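The numbers here are math on the coordinates, done by the rules we state, and not lab data. This is a predicted model, so every value here is computed, not measured. We place every Cβ from the backbone using ideal geometry, glycine too, and count neighbours over all the protein chains shown.
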Amino acid sequence: MSALNSILILIAALLAVFWEAAFNGIRHVLGAQLDLLPGLIVYAGLRAGLPTVALTALLGGMMLDSLSANPLGVSVLPLFVVGIAVYSQRELILRDQLFAQMVLGLAASALVPLLTILLLLTKSGTPLLGWASVWQWIVMSVGGAVATPVWFYIFGLFDRAFSYRRASESSSFRPDREIRRGRK
């Protein structure tokens, strides 16, 4: 399922960027748009390989920048840094725990905008920053914390639908069990 999982993650990145650009209901209600890519990067870092993490960061970041006011490519590096950080520690993370997924989603959704602003300031850009930016950052962080377990749930459904599961063997029918035939 590795190739199919990678393709599904890249399609999900495309759909997440499209949803962020096309549907403004949450932006009008909360005053900030939710960013779904950091949660998807967390999922890719925990469940997929390094090429999938890199492709998701590259394609997702480029698609996001092409539909926003950001310079093209500025979102790629923050997404890639978060993906590599999660990927490098994936053996230590309790990836099936809801609390761990939410904490990782919160951390990723808080770190990606900060790194993006740092890159914009490094390039001597002038991003619009003010007290409203703090509210937007909080909404994006909490939204990412909520969205990350949703990514795990959606891809869990795909995993159960498209992957082969081995039947578990019961202890009474072990292959090394001797069967006596005949009379005693």
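Laid out as a table, the results:
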quantity: MRE, 222 nm, helices only [DSSP H, n ≥ 4, -39500 (n - 2.57), over the chain, to nearest 500]; calculated: -23000 deg cm²/dmol
quantity: Protection-proxy order for peptides 119-130, 2-13, each taking the mean of Cβ atoms within 10 Å per residue, highest first; calculated: 2-13, 119-130
quantity: Extended-chain gain in nm, criterion 0.36 nm per residue less alpha-carbon gap, residue 29 and residue 183; calculated: 47.5 nm
quantity: Between the stretch 1-63 and the stretch 84-148, the Cα center-to-center distance that results, in Å; calculated: 13
quantity: Calculated Rg and Dmax of the Cα atoms in Å (choose from (i) 21.2, 91; (ii) 18.8, 73; (iii) 17.5, 66), label; calculated: (i)
quantity: Listed peptides 88-95, 111-118 by packing density, highest first (mean Cβ within 10 Å); calculated: 111-118, 88-95
quantity: Residue 49 long-range amide H proximity, modeled H, under 5 Å; calculated: none
